[in-house]
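Engineer: Please see the structure below; I have some questions.
The values are calculated or read from the model by the stated rules, or taken from the named source; none is laboratory data. Everything numeric here is computed off the predicted structure, so don't read it as measured data. Quick reminder, even Gly has a Cβ in these numbers, built from the backbone with ideal geometry, and neighbours come from all protein chains shown. Ligands, DNA and RNA are excluded from the accessible area calculation, which covers all protein heavy atoms including side chains. Shrake-Rupley method; radii C 1.70, N 1.55, O 1.52, S 1.80 Å.
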Amino acid sequence: MPGKIYIFDTTLRDGEQAPRIHLNPKEKLQIAEQLARLKVDVIEAGFPISSEGDFQSVAEIARKVKGPVIAGLARAVEADIRRAWEAVQYAERPRIHTFIATSDIHLKHQLRKERGEVLEIARRAVSLARSFTEDVEFSAMDATRSDVDFLCQVFEAAIEGGATVINVPDTVGYAMPHEFAELIDQIRKRVRGIDKVILSVHCHNDLGLAVSNSLAAVQHGAQQVEVAVNGLGERAGNAALEELVMIIDTRGIYLDVQTNINISEIARTSHLVSLLTGYPVQPNKAVVGRNAFAHESGIHQDGVLKERTTYEIMDPQKLGFVKSEIVLGKHSGRHAFSERLIQLGYKLSEEELARAFSRFKSLADRKGEIKDEDLEAIVANEIKITTELFKLNYYQTLSGSMVKPTATVGLEINGRMVQKAAYGDGPVDASFRAVDEITGIRARLESYSIDAVTAGKDALGEVTVVVEVEDLTTMGRGVSTDIIEASILAYLNALNRAVEKKPELGKLSQQE
Ligand code: KIV
Ligand code: ZN
């Protein structure tokens, strides 16, 4: 019987630490529900002490998401551990994940503590966490740059304190596969009690080795692997969930291990995370990139047409890359629309469904045939905001080589219509300036990107913007067949998110 590898997903914690990802609680819940459908073993839902919003999200996920263990991160500090417990206590199977750094670099420059102190802090933190729950994970941050004797002592103290999972992070992505495998061997040989707990690894991708290092650890006896969807995470990210899972699925017999993952949910999970985080998946990304199963050269096309396995080692259909036979268009009713969304894995409230359906209808009027990618773009737009202070009512732009670009924008703000006109460097800039005039919010556009959701001249344009408003950075997305409209929607989405976080920003626009 192959050994089981536990998949610990940290998309909502380490993944969310990637620059400019700001998921709101609703989006986090959607992702957590999808991770449960994917059947990950553990969802690290967040870092509860880091903010009130993170705390509320972890608590909501703990209450609502059934199946996986729900973990909350905590430094090895009493207040963190108590807060993590307050958030995860509602879960069917709660876990507290506590950590402290063990490398001399971190001890000297960041913690400013001696090794003996760190050892005791680790032991005490774990036993405090154990007083709340039977499932406690301990991580030695920067393990791969730590003195191995000290690392083993700290792990032993954590096990004595009651840790049930011992995690070995390659925090800065420094290890090489053979070194990491050797470290796992040392830990398994030298740490008393290690055979009674789950041995876990957490690899970062700074040198592009996160998946290779995780795999080397699995081959040397690690039983849990910490991963993130699409490889999201701090800096260059974490080991990519889909890559590790598919290595095990494809080469499992050789490795003699298996996971519990429902691989038919991989495509949908990758897509949802990309949509909600605004992080596109690179086209040639292993497993989930749009070219991963595309065959360009004649020889390859010929081979695949004769027999798929000539050039495909994984079956894209098994991963959930399936095209629907149902074509949705302007004559489709609400029932067919909501059925397709359910098949795609989206659960919308009545109100969200009504809004998404009306957007679908107006898109179908313009575009004719609506593809799954279009539907997902519409849905992502509807589920990503809880309060929408600024709603686009209309816009009109004028541009060309002989005129000064001008835009007039009408917004609905709490049922009141406000309109303004502005000049700009182009129609998008003019529209954003008109929006600024109306909202009174001084936002700085940090980045702007546009992508086509599907192929063809009538494709939906998907605009992603990142704006800075005072000390907040927010991301916004907008989709439309008209790129100016998509741009305004993205900009408004980012401003609405800013107002959601800081309601006082919306005050100016509400003064008569
Ligand atoms: O990279 C790291 O060391 C971490 C720990 C908190 C596990 O993310
Ligand atoms: Zn990490």
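Engineer: Inside the stretch 1-12, can you point out the residues that are part of a loop (DSSP other than H, G, I, E, B), open to solvent by less than 20 Å² (accessible area, probe 1.4 Å) and more than 12 Å from ligand 1 (Cβ to nearest atom)? Break it down into steps so the answer makes sense when it comes.
Structural biologist: Taking the stretch 1-12 first, the residues part of a loop (DSSP other than H, G, I, E, B) are 1-2, 5, 10-12.
Add one more test, that the residue is open to solvent by less than 20 Å² (accessible area, probe 1.4 Å), and what stays is 5, 10-12.
Correct list: ILE5, THR11, LEU12.
Residues are listed down the side, and each one gets a yes or a no for (1) within 14 Å of ligand 1 (Cβ to nearest atom); (2) touching a Lys or Arg at 6+ places or on another chain (Cβ under 7 Å); (3) in a helix (DSSP H, G or I):
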| site | (1), (2), (3) |
| --- | --- |
| TYR174 | yes, yes, no |
| LYS189 | no, no, yes |
| VAL211 | no, no, yes |
| VAL227 | yes, no, no |
| ASN230 | no, no, yes |
| ARG235 | yes, no, no |
| VAL245 | no, no, yes |
| THR250 | no, no, yes |
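Engineer: Determine which member of the set GLY15, GLY72 is within 15 Å of ligand 1 (Cβ to nearest atom), within 26 Å of GLU468 (Cβ to Cβ) and open to solvent by less than 20 Å² (accessible area, probe 1.4 Å).
Structural biologist: Details: GLY72 fails: within 26 Å of GLU468 (Cβ to Cβ).
Only one candidate passes the filter, namely GLY15.
Engineer: Please work out which one of (1) within 16 Å of ligand 2 (Cβ to nearest atom); (2) open to solvent by less than 10 Å² (accessible area, probe 1.4 Å); (3) in a helix (DSSP H, G or I) is the condition THR144 fails and give its number.
Structural biologist: (2)
Engineer: Taking the conditions exactly as written (under 23 Å from the mean Cα position of the chain (by Cα), within 16 Å of ligand 2 (Cβ to nearest atom) and either in the same structural domain as VAL126 (by TED's automatic domain parsing) or buried (at least 21 other Cβ atoms within 10 Å of the Cβ) (or both)), does SER212 satisfy them or not? Spell out the reasoning first.
Structural biologist: Values: under 23 Å from the mean Cα position of the chain (by Cα): yes; within 16 Å of ligand 2 (Cβ to nearest atom): no; either in the same structural domain as VAL126 (by TED's automatic domain parsing) or buried (at least 21 other Cβ atoms within 10 Å of the Cβ) (or both): yes.
Against the criterion (under 23 Å from the mean Cα position of the chain (by Cα), within 16 Å of ligand 2 (Cβ to nearest atom) and either in the same structural domain as VAL126 (by TED's automatic domain parsing) or buried (at least 21 other Cβ atoms within 10 Å of the Cβ) (or both)), SER212 does not qualify.
Engineer: Another one. State whether the residues of the stretch 188-201 include one that is open to solvent by less than 50 Å² (accessible area, probe 1.4 Å), within 20 Å of the chain's Cα centre (by Cα) and not assigned by TED's automatic domain parsing to the domain that holds VAL479. Write out each step before concluding.
Structural biologist: Applying the first criterion (open to solvent by less than 50 Å² (accessible area, probe 1.4 Å)) to the stretch 188-201 yields 191, 193-194, 197-201.
Pick out the ones that are also within 20 Å of the chain's Cα centre (by Cα) and you get 201.
With not assigned by TED's automatic domain parsing to the domain that holds VAL479 added as a condition, the list becomes 201.
Within the stretch 188-201, one or more residues are open to solvent by less than 50 Å² (accessible area, probe 1.4 Å), within 20 Å of the chain's Cα centre (by Cα) and not assigned by TED's automatic domain parsing to the domain that holds VAL479.
Engineer: Can you go through THR464, THR474, THR454 and tell me which one is outside any strand (DSSP E or B), polar (S, T, N, Q), at pLDDT below 95 and in the same structural domain as LEU492 (by TED's automatic domain parsing)?
Structural biologist: The match here is THR454.
Engineer: Among the numbered criteria (1) of a type in the set (A, V, I, L, M); (2) surrounded by fewer than 24 Cβ atoms within 10 Å (Cβ to Cβ); (3) part of a loop (DSSP other than H, G, I, E, B); (4) more than 16 Å from ligand 1 (Cβ to nearest atom), which single criterion is violated by VAL40?
Structural biologist: So VAL40 meets the others, but not (2).
Engineer: Taking LYS66, is it without any contact (Cβ under 8 Å) to a residue 12 or more places away in the chain, open to solvent by 10 Å² or more (accessible area, probe 1.4 Å) and not in a strand (DSSP E or B)? Break it down stepwise before answering.
Structural biologist: Working: without any contact (Cβ under 8 Å) to a residue 12 or more places away in the chain: no; open to solvent by 10 Å² or more (accessible area, probe 1.4 Å): yes; not in a strand (DSSP E or B): yes.
No; evaluated as a whole, the condition is false for this residue.
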